[in-house]
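The values are calculated or read from the model by the stated rules, or taken from the named source; none is laboratory data. All of these numbers come straight from a predicted model, not from anything done at the bench. Every residue, glycine among them, receives a Cβ derived from its backbone with ideal geometry; neighbour counts consider all protein chains shown.
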Amino acid sequence: MIDLEQIKIDTKKALEDLLEAANLKAGQVLVVGCSTSEVAGERIGSAGSLEIAEAIISALLPPLKERNIYIAVQCCEHLNRALVVEREAQEKYWWEEVTVVPHQKAGGSLATITYEKLEKPVLVEEIKAHAGMDIGDTFIGMYLKKVAIPIRLEIKAIGNAHLTLARTRPKLIGGERAKYTCM
């Protein structure tokens, strides 16, 4: 049996460590991909769980809202990996809205619960996020800004799902004579 309270604790700790390492600022975007099946120890896409999704989103939303950081939750392949976002973020970043509502069998459990929890949810197809959290190897890399930098934390898994984290930085251009302000 999966321990939902431990899922919440681990998710919140991973998020807090990611936010510190990535140095996200208000108005920036965190993309989250998650297979609740993997969290439960099953094959991706085979045993989605709204209860696990609820535990994860309840650990993510309060700290992100407190810091005014937008969340973008990746849907599963049945919705072509569309993302659930707040309308405010969609409008700020000029992301093109698509017309669909996720549910457990088309969109996935985390996208479904996120759609229910956000104030004014919409779906979009493309974004460029400032950092990412991938729970269960769902491949969020296509939604990260260039250049993605892996972040290694103490927490390596949420439940039974492998955890991958990343931040982004601007490209370094100009060659050997250039000077840089970030690395």
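Check 21, 26, 55 and return the single one that is part of a helix (DSSP H, G or I), over 14 Å from the mean Cα position of the chain (by Cα), surrounded by fewer than 18 Cβ atoms within 10 Å (Cβ to Cβ) and in contact (Cβ under 8 Å) with a residue 24 or more places away in the chain.
Criteria check complete, one pass: 21.
Output the qualifying pairs, or none if there are none: Cβ atoms under 7 angstrom, residues six or more apart or on different chains, first residue in the range 85-97 and under 14 Å from residue 68 (Cα atoms), second residue of a type in the set (Ser, Thr, Tyr) and surrounded by 13 or more Cβ atoms within 10 Å (Cβ to Cβ).
Pairs found: 85/70; 86/70; 89/70.
Which is in a loop (DSSP other than H, G, I, E, B), modelled with pLDDT under 95, within 16 Å of the chain's Cα centre (by Cα) and more than 20 Å from residue 119 (Cβ to Cβ), of 81, 43?
Every option except 81 fails the conditions.
For every residue, the table says whether it meets (1) in contact with a helix residue (DSSP H, G or I) (Cβ under 6 Å, 6 or more places away or on another chain); (2) on the phi < 0 side of the Ramachandran plot; (3) of a type in the set (S, T, N, Q); (4) in a helix (DSSP H, G or I).
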residue: 47; (1), (2), (3), (4): yes, yes, no, no
residue: 68; (1), (2), (3), (4): no, no, yes, no
residue: 111; (1), (2), (3), (4): no, yes, no, yes
residue: 114; (1), (2), (3), (4): yes, yes, yes, yes
residue: 119; (1), (2), (3), (4): no, yes, no, no
residue: 134; (1), (2), (3), (4): no, yes, no, no
residue: 137; (1), (2), (3), (4): no, no, no, no
residue: 142; (1), (2), (3), (4): no, yes, no, yes
residue: 155; (1), (2), (3), (4): yes, yes, no, no
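For the range 123-148, enumerate the residues that are farther than 24 Å from residue 45 by Cβ and at pLDDT 95 or above.
128, 130, 131, listed by residue number.
For the subset of the range 7-18 comprising residues that are of a type outside the set (D, E, K, R) and touching a residue at least 60 places away in the same chain (Cβ under 8 Å), which member is surrounded by the fewest Cβ atoms within 10 Å (Cβ to Cβ)?
Ranking the qualifying residues of the range 7-18, first place goes to 18.
Filtering the range 141-174 down to residues that are among the hydrophobic types (A, V, I, L, M, F, W, C) and touching a Ser or Thr at 6+ places or on another chain (Cβ under 8 Å), which residue is surrounded by the fewest Cβ atoms within 10 Å (Cβ to Cβ)?
Step one: filter the range 141-174 for residues among the hydrophobic types (A, V, I, L, M, F, W, C), giving 142, 144, 147-149, 151, 153, 155, 157-158, 161, 163, 165-166, 172-173.
If we keep only those that are touching a Ser or Thr at 6+ places or on another chain (Cβ under 8 Å) too, we end up with 144, 147-149, 158, 161.
Values: 144: 21, 147: 12, 148: 17, 149: 14, 158: 27, 161: 25.
Once the filter is applied, the top-ranked residue is 147.
For the range 94-113, check the following and say yes or no: at least one residue is of a type in the set (Ser, Thr, Tyr) and within 13 Å of the chain's Cα centre (by Cα).
no
Please go through the range 152-165 and pick out each residue that is touching a Pro at 6+ places or on another chain (Cβ under 9 Å) and touching a residue at least 60 places away in the same chain (Cβ under 8 Å).
Passing the criteria: only 165.
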